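Here's the structure we're looking at; comments come further down.
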Amino acid sequence: MPEEQIVTFHSDGSSELFSLVGATILVDEDDFKGIHHAARNLAEDFSRVTKGPVSPFQTVVKQQADPLELESSNAIIIGCIESCWMIKQLEESGRIDTGAICGKWESFTTRVVDNPLNGCEKALVIAGSDKRGAIFGAYTLSRQIGVSPWYWWADVPPQFYEEIFAHPIQTTQGEPSIQYRGIFINDEAPALTGWVLEKFGGYNSNFYKKVYELLLRLKANFMWPAMWPGYPNPGAIFFVDDPENQRLADEYGICVSTSHHEPMQRATTEWFHEGHEDGSWDWTTHRDQIIDFFRKGVQRAIGLESFFTMGIRGEYDKGMTTSDPGAVVRDVLQQQRALFKEIHGREDAVPQVLALYKEVQDLYQAGEFTVPDDVTLLFADDNFGALRRLPSGLEKTRAGGAGIYYHFEYVGAPRSYKWINPNSLGKIYHQLHQAHERNAKKIWVFNVGDIKPMEVPLTFAMSMAWNIDSVQCDSISKFLFTLSTECFPQTDGWEIARIWQEYDRLVRMRRHEHIEPDTFSLLHYGEADGVESEWQMLETLTEEIYEAIPGHQKPAFWQLVVHPVKASSIFTRLRIAQARNQLYARQRRNSANKLLRDVLDLFDADFKLSQEFHTLLDGKWNHIMCQPHMGYGDTWHAPSRDAIFGLAYVQRGQESNAIMGHMGVAVEGHEGIRAGRINEESERTHPSRRDLVAGLTLPPLSLYNNHDSRIEIFNRGTKRIHWKCSTSYPWILLRPSYGVLGPDDYDASIRVSVLWQDVPTDFDQTVTINILSKEGDFEQVHLPIKGHRVPKSFSGFIEKQGYVSIPAVGMGIEEPYKHHPELGRGPNGSVTLRASVSNDETVPFLKYPIYIFSRTAPATVTLYFNLTLEIDPTHRISYDIGVDNQPTTSHYLLALPDKESKVPAEGWLEAVKDCVWKRTHKIDCLESGEHLLRVRLKHSNLLLEKIVVDLGGVKECYLGPPPSFHVGEMELDNPEAE
């Protein structure tokens with residue numbers, strides 16, 4: 001739902017429009033100080049946009065008759081309806097109507113008023129239902145006149161306008177969809193901490209004022225402050241580093257809470273800062289000291305807007321070391337509530353939240369403790385973007401409500417990710433919508449790590465938190481377009497949006513830190529080549545736009561667009577080059593050494609790119625993006641320095657002892673290793689080597705697998721090779737068919753394609769491609785050709801290479817199913833149920849017609865589900881599957897977790913890195929011909945990405961086989977199309 005426009009930049013001769021340039025900004029001197037801060041920033045924003053002097057700012061004491069002394073006869077009046085005398089006076093005189101926002105949370109209304117005050121001819125009035133309503137009204141005007149919330153944090157240049165006018169209409173915004181919305185600054189060393197120490201001298205109020213302003217400009221109101229230890233300080237202690245931190249948060253309008261393991265407004269490092277030793281944070285041994293520690297936190301927050309974190313966890317954010325953690329939590333909650341009564345007179349006197357994080361959720365679900373009704377339940381994700389639980393049953397009607405704690409970065413098992421933005425907007429959208437639909441609306445807090453580089457996902461999440469209908473699952477590209485035009489006006493907004501969209505698609509395959517050299521297959525389906533090519537093309541497009549973008553926009557564009565794309569491209573290409581280096585060395589290719597140098601060059605490029613970030617804008621962002629991200633080894637801990645391992649080198653000066661000479665041949669699917677030993681001649685057939693039976697065979701080609709195959713010829717010696725290739729079938733094209741390879745040349749690639757109009761329909765043979773060299777090398781490659789056809793009446797997906805691979809969206813879906821085009825590892829998104837579905841058993845089946853040529857007994861069907869978890873103990877995630885008229889079977893997505901399990905579900909440690917659950921089912925023998933695969937989804941948190949029917953031909957790869965050829969009237973949805 002688009003935001004109502006307050007302003008326009010073109011008068012078009014209209015006398016009804018009200019000019020805002022030069023208008024005096026008025027606030028009540030006795031109104032909330034946070035409104036004053038926002039109004040002053042608005043005055044500066046007008047200067048930024050018009051490139052003129054700062055707009056006049058004036059605080060006004062209450063008066064009725066005396067004329068105001070204004071620098072301009074026009075004004076912008078900003079205030080709270082409950083505390084601003086000017087707003088009250090206009091309401092009483094009938095000049096404005098605030099009835100639509102009266103009594104509402106953080107809402108505001110705007111209206112242009114003639115002669116609002118004595119001495120003022122005209123004014124734009126921004127009236128807030130409360131202090132933050134007025135603040136958000138001021139910052140909404142800032143954003144609409146052309147100042148991005150990221151003008152300082154990402155150097156987005158303000159747009160320039162000579163004239164700015166207010167529409168002669170009344171606008172209203174609010175209430176927000178989520179009551180408290182904010183961030184957790186976490187895992188902030190080394191990047192953010194190094195930067196803060198250099199630029200601000202520590203985590204003091206000068207730093208936090210920048211954070212508060214950013215949050216309010218994003219219409220956020222909630223914060224868990226930085227808290228982790230970091231060299232050279234003992235740690236970030238929000239309440240101690242600068243006493244102004246806490247007071248100014250309240251003054252600006254930010255509600256301060258503390259993280260999931262920092263109870264009662266006390267930072268973890270405060271405990272040790274006050275002289276306690278390691279191991280002393282133990283309720284069973286230091287109960288009285290911890291109660292007194294909590295008491296000081298309650299007393300310190302008197303009079304300040306705070307949300308008290310309840311409960312307890314073990315030292316350094318770990319589980320408690322006690323035989324009865326449930327009893328500890330029960331006692332802790334009782335004592336914490338007693339402290340509120342002791343200090344405030346009531347147990348429920350202040351807002352309270354209990355974070356159900358990790359083992360605390362398990363204890364809660366096991367009934368080990370109860371939570372008072374006024375305390376907010378804060379459910380968490382699995383640290384990787386899949387919510388673990390949401391309100392169920394009576395939890396949805398609790399007085400304290402519920403909320404979620406959601407990670408954009410994380411330090412922990414199976415492997416930390418804190419370097420760069422790896423977040424899928426589609427996944428964020430779906431999980432946040434699930435939270436909203438199930439009444440987790442009290443608090444949304446997002447772990448943003450260092451803040452940078454989470455600009456895009458944080459803006460997206462705050463947009464949804466303010467207005468859940470501001471974006472739909474099929475309009476994420478429009479959100480990105482709006483953001484791009486806001487950040488980079490007078491540019492091609494759709495091109496920039498497309499870059500962000502493609503970046504999102506590529507990173508949601510797998511988080512950067514989880515990518516290893518062997519992640520993407522070099523041998524099957526062109527997987528690694530495809531991923532590498534997509535990153536290279538995106539990098540090229542990004543650099544082309546960067547070169548054309550105006551100079552004043554380049555720093556912001558580099559941070560928000562160029563760096564994430566280029567860093568990801570370099571990193572992914574490096575990993576794939578590592579794998580190629582190993583493979584080529586096993587095949588004794590000369591080009592293995594080129595790959596080694598490529599790896600080292602990419603490794604250096606990765607570091608130089610971070611250095612480029614540090615020198616940007618004369619070092620403004622020094623230390624940011626310095627997080628090491630290569631060389632994890634067997635631990636989840638981020639490495640202290642980047643390192644790469646396992647590079648291989650071939651001795652180029654040594655003559656080859658290969659029996660068949662210097663020419664090597666490789667085809668898709670063959671690594672050149674057999675029976676546990678290196679077979680340097682590859683797996684091939686040759687008349688003089690009958691022991692190497694049926695070796696080099698390309699994957700089968702048919703009309704329904706009509707992509708080019710590839711043969712690689714490489715040099716593994718010191719001499720030049722003059723090669724040529726041929727086949728006896730004129731409708732098989734080999735391009736090129738001859739060439740020369742020197743010892744230092746790159747490998748040759750032969751494209752193999754077929755003129756299918758010339759292939760007989762009954763042709764089913766393996767043809768031979770002969771490859772020989774003038775120097776005496778000879779090789780044969782086998783190519784199975786299948787000329788079969790499906791009946792013209794068939795509509796659906798067709799077998800190729802012994803499998804049928806089907807995107808979940810199939811050839812179109814209908815209600816009550818919903819297509820999420822930006823969610824999942826593939827380009828065609830995912831399918832799920834609408835949340836409004838109440839009876840699973842009445843849901844129709846998704847139907848996927850397939851045609852097969854093989855007869856397999858038995859076949860298997862693998863369903864690829866995006867990684868989600870059980871969110872409702874009363875409604876488990878399940879699905880039904882069936883083939884043709886065979887009985888359907890029902891299956892739960894997840895096994896119930898063991899009570900002692902330290903992970904959310906069986907298999908999660910691998911699945912969370914893969915970003916999918918794969919569920920395989922055997923089916924009876926399928927005869928050749930047409931079949932119907934049926935799948936029914938029975939939960940709105942079940943996200944089906946693709947289906948693979950394995951008829952014996954599926955090869956090992958990361959993403960699964962690419963989509964099969966399909967025929968029919970409907971085409972697959974294209975997520976890139978507008």
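The values are calculated or read from the model by the stated rules, or taken from the named source; none is laboratory data. Computed from a predicted model, the values in this text were never measured in an experiment. Every residue, glycine as well, gets a Cβ built from its backbone with ideal geometry; the counts of neighbours run over all protein chains shown.
So that you can scan it fast, the table gives a plain yes or no per residue for (1) in contact with an Asp or Glu (Cβ under 6 Å, 6 or more places away or on another chain); (2) polar (S, T, N, Q); (3) within 17 Å of Ile420 (Cα to Cα):
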site	(1), (2), (3)
Trp535	no, no, yes
Thr540	no, yes, no
Gly551	no, no, no
Thr572	no, yes, yes
Lys594	no, no, no
Ala605	no, no, yes
Lys620	no, no, no
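Can you go through Thr718, Thr766 and tell me which one is touching a Gly at 6+ places or on another chain (Cβ under 8 Å) and surrounded by fewer than 21 Cβ atoms within 10 Å (Cβ to Cβ)? Criteria check complete, one pass: Thr718.
Across the stretch 43-59, the qualifying residues are those that are closer than 16 Å to Leu70 by Cβ and touching a helix residue (DSSP H, G or I) at 6+ places or on another chain (Cβ under 9 Å), and the one among them that is modelled with the highest pLDDT is Phe46.
One line per residue, one yes/no per condition, for (1) touching a Leu at 6+ places or on another chain (Cβ under 8 Å); (2) farther than 28 Å from His670 by Cβ; (3) surrounded by 21 or more Cβ atoms within 10 Å (Cβ to Cβ); (4) not hydroxyl-bearing (Ser, Thr, Tyr):
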{"position": "Ala577", "(1), (2), (3), (4)": "yes, no, yes, yes"}
{"position": "Phe607", "(1), (2), (3), (4)": "no, yes, no, yes"}
{"position": "Phe645", "(1), (2), (3), (4)": "no, no, no, yes"}
{"position": "Arg652", "(1), (2), (3), (4)": "no, no, no, yes"}
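All conditions but one from (1) surrounded by fewer than 17 Cβ atoms within 10 Å (Cβ to Cβ); (2) touching a Leu at 6+ places or on another chain (Cβ under 9 Å); (3) modelled with pLDDT of 95 or more apply to Trp105; the one that does not is (2). If you go through the stretch 390-408 and keep only what is in contact with a Pro (Cβ under 8 Å, 6 or more places away or on another chain) and either touching a residue at least 40 places away in the same chain (Cβ under 8 Å) or closer than 19 Å to Leu894 by Cα (or both), you end up with Ser392, Gly400, Ala402, Phe408. When each of Glu106, Glu175, Glu121 is tested for being assigned to a strand (DSSP E or B) and within 30 Å of Lys88 (Cβ to Cβ), the lone residue that passes is Glu121.
If you filter the stretch 257-271 down to residues that are farther than 12 Å from Ile290 by Cα and surrounded by fewer than 23 Cβ atoms within 10 Å (Cβ to Cβ), you find that the one that is farthest from the chain's Cα centre (by Cα) is Thr269. Screening Val49 with (1) out of contact with any His (no Cβ under 8 Å at 6 or more places or on another chain); (2) buried (at least 19 other Cβ atoms within 10 Å of the Cβ); (3) under 17 Å from Tyr252 (Cβ atoms) gives one miss only, at (3). Considering the conditions (1) surrounded by 19 or more Cβ atoms within 10 Å (Cβ to Cβ); (2) among the aliphatic types (A, V, I, L, M); (3) free of Cβ contacts under 8 Å to residues at least 60 places away in the same chain, Met663 is excluded by exactly one of them, (3). When the stretch 761-794 is filtered for residues that are assigned to a loop (DSSP other than H, G, I, E, B) and within 25 Å of Ile850 (Cβ to Cβ), the ones remaining, listed by number, are Thr761, Asp762, Phe763, Gly787, His788, Arg789, Val790, Pro791, Lys792, Ser793, Phe794.
Considering only residues that are surrounded by fewer than 20 Cβ atoms within 10 Å (Cβ to Cβ) and without any contact (Cβ under 8 Å) to a residue 40 or more places away in the chain, look in the stretch 345-369 and name the one that is farthest from Ala301 (Cα to Cα). So the residue we want is Gly367. Counted as qualifying within the stretch 544-660 are the helices (runs of 4 or more DSSP H) with 3 or more residues that are outside the structural domain of Arg720 (by TED's automatic domain parsing) and closer than 30 Å to Glu775 by Cα, namely 563-586, 591-615. Considering (1) modelled with pLDDT under 95; (2) closer than 30 Å to Asp642 by Cα, the lone condition that Tyr357 does not fulfil carries the number (2).
Only one of the numbered conditions (1) small (Gly, Ala, Ser); (2) part of a loop (DSSP other than H, G, I, E, B); (3) within 18 Å of Ile624 (Cα to Cα) is violated by Gly194, and that is (2). For Met264, work out the one condition from (1) hydrophobic (A, V, I, L, M, F, W, C); (2) in contact with a Pro (Cβ under 7 Å, 6 or more places away or on another chain); (3) on the phi > 0 side of the Ramachandran plot it doesn't fulfil. Unmet for Met264, out of (1) hydrophobic (A, V, I, L, M, F, W, C); (2) in contact with a Pro (Cβ under 7 Å, 6 or more places away or on another chain); (3) on the phi > 0 side of the Ramachandran plot: (2). Residues in the stretch 826-839 that are surrounded by 15 or more Cβ atoms within 10 Å (Cβ to Cβ) and either in a loop (DSSP other than H, G, I, E, B) or over 30 Å from the mean Cα position of the chain (by Cα) (or both): Gly826, Pro827, Asn828, Gly829, Ala835, Val837. Screening the candidates Ala579, Ala567 for the property of being in contact with a Pro (Cβ under 7 Å, 6 or more places away or on another chain) and not β-branched (Val, Ile, Thr) yields one hit, Ala579.
With (1) surrounded by fewer than 24 Cβ atoms within 10 Å (Cβ to Cβ); (2) aliphatic (A, V, I, L, M); (3) under 26 Å from Thr140 (Cβ atoms) as the list, and Met223 as the residue in question, which single condition is left unmet? Unmet condition: (1). Residue count for the stretch 795-808, restricted to those that are outside any loop (DSSP other than H, G, I, E, B) and touching an Asp or Glu at 6+ places or on another chain (Cβ under 6 Å): 1.
With respect to Lys427, determine if the residue is without any contact (Cβ under 8 Å) to a residue 40 or more places away in the chain and either of a type in the set (Lys, Arg) or closer than 24 Å to Pro904 by Cα (or both). No; evaluated as a whole, the condition is false for this residue. So Asp374 clears everything in (1) in contact with a Pro (Cβ under 9 Å, 6 or more places away or on another chain); (2) surrounded by 21 or more Cβ atoms within 10 Å (Cβ to Cβ); (3) in a loop (DSSP other than H, G, I, E, B); (4) not aromatic (Phe, Trp, Tyr) except one condition, right? Which one? For Asp374, the failing item is (2).
Step by step: first the residues of the stretch 610-654, then only those that are of a type in the set (A, V, I, L, M, F, W, C) and touching a His at 6+ places or on another chain (Cβ under 8 Å), then the one that is nearest to Pro517 (Cα to Cα). Which residue is that? Of everything passing the filter in the stretch 610-654, Ala638 is nearest to Pro517 (Cα to Cα).
For (1) more than 28 Å from Ala402 (Cβ to Cβ); (2) outside the structural domain of Phe613 (by TED's automatic domain parsing); (3) at pLDDT 90 or above, each residue gets a yes or a no:
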| site | (1), (2), (3) |
| --- | --- |
| Pro190 | yes, yes, yes |
| Trp228 | no, yes, no |
| Pro243 | yes, yes, yes |
| Asp250 | no, yes, yes |
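Is it the case that the stretch 194-215 has a residue that's among the basic types (Lys, Arg) and within 30 Å of Ala100 (Cα to Cα)? No, every residue in the stretch 194-215 fails to be among the basic types (Lys, Arg) and within 30 Å of Ala100 (Cα to Cα).
Here Leu26 fulfils each of the conditions (1) over 37 Å from the mean Cα position of the chain (by Cα); (2) over 14 Å from Gly137 (Cβ atoms); (3) crowded, with 23+ Cβ neighbours inside 10 Å apart from (2). Residue selection: Lys792 satisfies the criterion of being free of Cβ contacts under 8 Å to residues at least 12 places away in the same chain and either farther than 21 Å from Glu527 by Cα or small (Gly, Ala, Ser) (or both).
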